[in-house]
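**Student:** A single structure is presented below for examination.
The values are calculated or read from the model by the stated rules, or taken from the named source; none is laboratory data. Keep in mind that what you see is a predicted model, and the values were worked out from it rather than measured. Here Cβ is always computed from backbone atoms with ideal geometry, including for glycine, and neighbour counts include all displayed protein chains.
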Amino acid sequence: MRKTTAFLIFITTLIVAAYANFIFLEYSATPATNKVTLSWVTKSETDVSRFIIMRSTDDDVFNEIGSVTAKGTGNQYKYIDENVIFKSNQTFFYKLRALNSNNAIVEETESLIVNPNISGIFRTWGAIKAMFR
């Protein structure tokens, strides 16, 4: 019993140590009319000089679309991608990447999947007709 307890404490310590220095506490991407707002909060910004925002249409090849300078631990950040035009049910994928002063990757988020917000899409008569084709 003591060996099992000691082993579980050891494993738990390793898991906590492995994830203790993560940077992104929470992050999200919210679609609106032809734009996507990315928001994130940091837990730690040790060795982070800036954040890179990346976008993809296939969740494979990501392109840098902007950057935000790091302000310090615990800050809330926002980036608005205004170069988005939702076409029917096209999906976009976003990633946030934290870089240090040497432009080396410190951490990168998992992909954020963004589908068009039907209620937020600008509707013209042509767009409404296209929805029913």
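**Student:** Does residue 53 qualify as being at pLDDT 90 or above, among the aliphatic types (A, V, I, L, M) and touching a Phe, Trp or Tyr at 6+ places or on another chain (Cβ under 9 Å)?
**Tutor:** Numbers: at pLDDT 90 or above: yes; among the aliphatic types (A, V, I, L, M): yes; touching a Phe, Trp or Tyr at 6+ places or on another chain (Cβ under 9 Å): yes.
For residue 53, the condition - at pLDDT 90 or above, among the aliphatic types (A, V, I, L, M) and touching a Phe, Trp or Tyr at 6+ places or on another chain (Cβ under 9 Å) - is met.
**Student:** Which count do you get for residues in the stretch 1-50 that are closer than 18 Å to residue 111 by Cβ, surrounded by 15 or more Cβ atoms within 10 Å (Cβ to Cβ) and either among the hydrophobic types (A, V, I, L, M, F, W, C) or at pLDDT below 50 (or both)?
**Tutor:** Qualifying residue count, the stretch 1-50: 6.
**Student:** Cβ-Cβ distance below 6 Å, separation of 6 or more or different chains: which pairs start in the stretch 55-73 with a residue that is β-branched (Val, Ile, Thr) and end on one that is surrounded by fewer than 16 Cβ atoms within 10 Å (Cβ to Cβ)?
**Tutor:** Cβ pairs passing all conditions: 69/50.
**Student:** Which condition breaks for residue 106 when tested against (1) more than 20 Å from residue 25 (Cα to Cα); (2) surrounded by 12 or more Cβ atoms within 10 Å (Cβ to Cβ); (3) among the β-branched types (Val, Ile, Thr); (4) at pLDDT below 95?
**Tutor:** For residue 106, the exception is condition (1).
**Student:** Of the residues in the stretch 58-81, how many are outside any strand (DSSP E or B) and modelled with pLDDT of 90 or more?
**Tutor:** To start, the set of residues in the stretch 58-81 that are outside any strand (DSSP E or B) comprises 58-62, 70-75.
Still in the list and also modelled with pLDDT of 90 or more: 58-62, 70-71.
Final tally of qualifying residues: 7.
**Student:** Filter the stretch 71-95 down to residues that are out of contact with any strand residue (DSSP E or B) (no Cβ under 6 Å at 6 or more places or on another chain), among the hydrophobic types (A, V, I, L, M, F, W, C) and surrounded by 12 or more Cβ atoms within 10 Å (Cβ to Cβ), then give me how many there are.
**Tutor:** Residues that pass the stated criteria total 1.
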